[in-house]
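Enquirer: My questions all concern the structure below.
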Amino acid sequence: MVHNYSVKQIRVSLNDYSFKCEIIPEKVLQDYLGGVGYAAKVLYEELDKGIDPLSPENKLIFAPGPLTSYQIPGGGSIEICFKSPLTGAWGESRCGGNFGPELKRTGYDFLILEGKSPQPVYLFIHDKEVEFRKAHHLLGKTVSEKTKMIREELADQDISIMCIGIAGENLVRIASLMCESRAAGRCGAGAVMGSKNLIAVAVKGSARLQPHNPDHFNRTLKEVRKVLKESAFAKNFRQFGTIGDLAGNDAAGDWPTKNWQSNNWGQAEELYDYYLQHNFVQNKMCYKGCPIACGRIAKVDEGRFKTPHHEGAEYESVSAFTAFVFNRDMDAAIHSTYLCNELGLDTISAGAVIAFALECSEHKLLSVEEVDGLDLSWGNADILPVMVEKIAKREGIGNLLADGVCKAAQKIGRGAEQYAVHGKGLEGPAHDPRSGKLLAVTYGTANRGMCHIHPLEGMAYDSGKVTWGMTAYGVPDPNTLDRWEEKGKGAITKTLQDGLIMPDVLGVCKFFMYAGITLEHYAQLLSALTGWPIKGRDLLTVGERVINVQRLFNVREGLARADDVIHERAQQRPLFGAYHNEDRCIIKDYEGMLEEYYQARGWDSHTGIPNKEKLRELGLNQYW
Amino acid sequence: MKVKVKLYTILKKYAQGKVWEDNSIVLNRDTTLQELTNYLAIPSNIGLIFLVNNTPQDKEYKLCDGDEVKIFSLICGG
């Protein structure tokens, strides 16, 4: 018997509405634990090379982790993994909220969705029962409408639901999967679910954690809560939310502005002050019992961007609709991000692809007719919500942009690629590698591309001087290093990535590591729950194994060293702003940092492929 | 010399009792930004970003009379 895991996964075939319960070997759980780890193994072993991500051959893995639970601080988390229709590579998307804990409570560790339904349906899993329900009537509805209608049909307001919006129905490659206002935003999970004619998954369960050693578990839990109670980081997240970083990141040169033309704008302080006075309502927990509660409730009371109270106003989303598009109207930004969530569109990619369109329009790469007669001038707030709707509905210019900046640039041609800032096809988020060089390596080498989750440790280490307890594993004290320095950053990246991927493997929110919960704490919790003797360093090994399997997934899809790149614009001198004359922010030897990184990883320096010895060391011989 | 100092978000509490309501503070001539943060008792393990007259500066920068200093820390959220 394995405590904490049900040792079962449910595999659902949408082709014929069948499902089966499968037993998972204990050794597999020990090696991959859950979340993006277990999903990496499943997708690498079960998907064929080169499949169309929007075909029935793709699979969606709903993967909580062993620590996903209302009882564990940060345990409101789930990962959805798949082959990305945006990038053609490894796709994963994390979502906070109640869905993860609720899925675990149904008695299944993982949910695997396969095939394609002949008609629109939604899935309802309640404890171990599975129902397929017709969903024609949900088509064309917003995310909150779908959520409300499903809850009414099932006569239960507590049911947790993840659904696609109109963007997912239209196979928009930057479509998100939504759990109310929480998003599995990146890489196009919404399009994959839409391609399967699956509109929503609703879950409700009643199982509870049954620790192997309750005393050890409760003791560790008490210690974790004490750390959180005393943590300045936890307090800051609660008090200011992620949006509280606007002014600091702008000042740090960590705020990509005007489609990455600069890393600083000098406008964030004013925007943040406006938000505090006019848009902020209160903070909010993303799942039942979250002790950090970094979420924000926001609103726009009146005017053309009038927006009801909703959960939003988060750093990345607001940055995408202010700095990215050079927009000074905070009401417009709040409204546009609200629309993205209601239509099921990734806010980061949506803001980025609009910024790309603005620049293409400026350089006459898109004609007035091609942009539907809209005035795509920088800072024109009025067009932002219009563009969001067009993208979600694939209307006019929106149809071109719905496939993301990389594919749109290829279609436009004539040099449009120089304005398409992405990594592996994923639009860059609101952190700039010119502000700290470790971020360049984490951006370039992240398996899902230029995202804000895995590479974030680069910025937090270099500029925020955060350690996450990783100095115990040989990471130098960041206070001894200059953020501008390039030498040595490649090797540090390897260990940070191995450790900082673990929240996404364990099924907990990454912010709790920022708040002082270390790998050793997680190892203690996991040991108490499962009875497995696990130390923090063992988790580092799992992290390394997972990164290598994801890497192998990408290698099989044809990705190599040439894809571990940083867009030229994000390496060069900012065209304006406070860092325009700061030579140190220019990235001078990215290739040198990459060499260091490959060496530390045990990957071939020419191809970027994990070598045989490394795979053997990680118990992955069978994948060579 | 007299300079203006503005602290943001999580750093605001370090202004209490040391920075006047109009954001001014009196310092010895040639005080560096590092010395200013020591005086304000901002913990040394917090990553700080400095703007002086809206230009980024390192902690070794020597302040001049009339400078306007902004000090930021990062919450490090996504």
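Enquirer: With the requirement that a residue be buried (at least 20 other Cβ atoms within 10 Å of the Cβ) and within 14 Å of another protein chain (Cβ to nearest Cβ), what does the range A:291-311 give you?
Expert: A:292, A:294, A:295, A:296
Enquirer: Considering (1) closer than 18 Å to residue A:393 by Cα; (2) in contact with a Gly (Cβ under 8 Å, 6 or more places away or on another chain), say which one residue A:185 fails and leave the rest.
Expert: Going through the list (1) closer than 18 Å to residue A:393 by Cα; (2) in contact with a Gly (Cβ under 8 Å, 6 or more places away or on another chain), residue A:185 breaks only (2).
Condition check ((1) more than 23 Å from the chain's Cα centre (by Cα); (2) surrounded by 21 or more Cβ atoms within 10 Å (Cβ to Cβ)) across all residues:
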| residue | (1), (2) |
| --- | --- |
| A:535 | yes, no |
| A:549 | no, yes |
| A:592 | yes, no |
| A:598 | yes, yes |
| A:602 | yes, no |
| A:607 | yes, no |
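Enquirer: Within the range A:429-436, is there a residue that is hydroxyl-bearing (Ser, Thr, Tyr) and away from every other protein chain (no Cβ under 12 Å)?
Expert: No, that holds for no residue.
Enquirer: Name the pairs whose Cβ atoms lie under 6 Å apart, with the first residue in the range A:83-108 and of a type in the set (Asp, Glu), the second assigned to a loop (DSSP other than H, G, I, E, B) and surrounded by 24 or more Cβ atoms within 10 Å (Cβ to Cβ), and 6 or more positions between them or separate chains?
Expert: Final answer for the pair search is A:92/A:448.
Enquirer: Something else: Check the range A:185-206 and report whether any residue there is touching a helix residue (DSSP H, G or I) at 6+ places or on another chain (Cβ under 8 Å), within 14 Å of another protein chain (Cβ to nearest Cβ) and touching a residue at least 24 places away in the same chain (Cβ under 8 Å).
Expert: yes
Enquirer: Inside the range B:6-28, can you point out the residues that are under 21 Å from residue B:64 (Cα atoms), within 14 Å of chain A (Cβ to nearest Cβ) and of a type in the set (Val, Ile, Thr)?
Expert: Correct list: empty.
Enquirer: I've got another one for you. Just to be sure, is residue A:183 at pLDDT 95 or above and assigned to a helix (DSSP H, G or I)?
Expert: The answer is no for residue A:183.
Enquirer: Can you report the number of residues in the range B:1-40 which are farther than 20 Å from residue A:233 by Cβ and part of a loop (DSSP other than H, G, I, E, B)?
Expert: The total comes to 14.
Enquirer: For the range A:132-151, which residues satisfy the criterion of being surrounded by fewer than 17 Cβ atoms within 10 Å (Cβ to Cβ), more than 16 Å from residue A:117 (Cβ to Cβ) and under 26 Å from the mean Cα position of the chain (by Cα)?
Expert: Within the range A:132-151, A:140, A:145, A:148 qualify.
Enquirer: Turning to a different aspect of this structure: In the range B:47-78, what residues are assigned to a loop (DSSP other than H, G, I, E, B), in contact with a Leu (Cβ under 8 Å, 6 or more places away or on another chain) and within 12 Å of chain A (Cβ to nearest Cβ)?
Expert: Scanning the range B:47-78 gives B:47, B:58, B:59, B:60, B:76, B:78.
Enquirer: Now for a separate question. Would the range A:494-502 turn up any residue that is among the hydroxyl-bearing types (Ser, Thr, Tyr), more than 19 Å from residue A:512 (Cα to Cα) and assigned to a helix (DSSP H, G or I)?
Expert: No, because not a single residue in the range A:494-502 is among the hydroxyl-bearing types (Ser, Thr, Tyr), more than 19 Å from residue A:512 (Cα to Cα) and assigned to a helix (DSSP H, G or I).
Enquirer: Still on this model: Give all pairs with beta carbons closer than 7 Å in which a residue from the range A:208-221 that is within 11 Å of residue A:5 (Cα to Cα) meets a residue that is hydrophobic (A, V, I, L, M, F, W, C); count only pairs at least 6 apart in sequence or on separate chains.
Expert: A:209/A:529; A:211/A:217; A:211/A:528; A:211/A:529; A:212/A:528; A:212/A:529
Enquirer: Follow-up question, since we're still on this one. What residue, among those in the range A:221-242 that are buried (at least 19 other Cβ atoms within 10 Å of the Cβ) and of a type in the set (Val, Ile, Thr), is nearest to the other protein chains (Cβ to nearest Cβ)?
Expert: A:242
Enquirer: Which one of these is in contact with a Leu (Cβ under 8 Å, 6 or more places away or on another chain) and away from every other protein chain (no Cβ under 14 Å): A:174, A:159?
Expert: Criteria check complete, one pass: A:174.
Enquirer: Does residue A:259 satisfy the condition of being more than 14 Å from chain B (Cβ to nearest Cβ) and surrounded by 24 or more Cβ atoms within 10 Å (Cβ to Cβ)?
Expert: Criteria met by residue A:259.
The values are calculated or read from the model by the stated rules, or taken from the named source; none is laboratory data. Predicted, not measured: the structure shown is a model, and the values here were computed from it. Every residue, glycine as well, gets a Cβ built from its backbone with ideal geometry; the counts of neighbours run over all protein chains shown.
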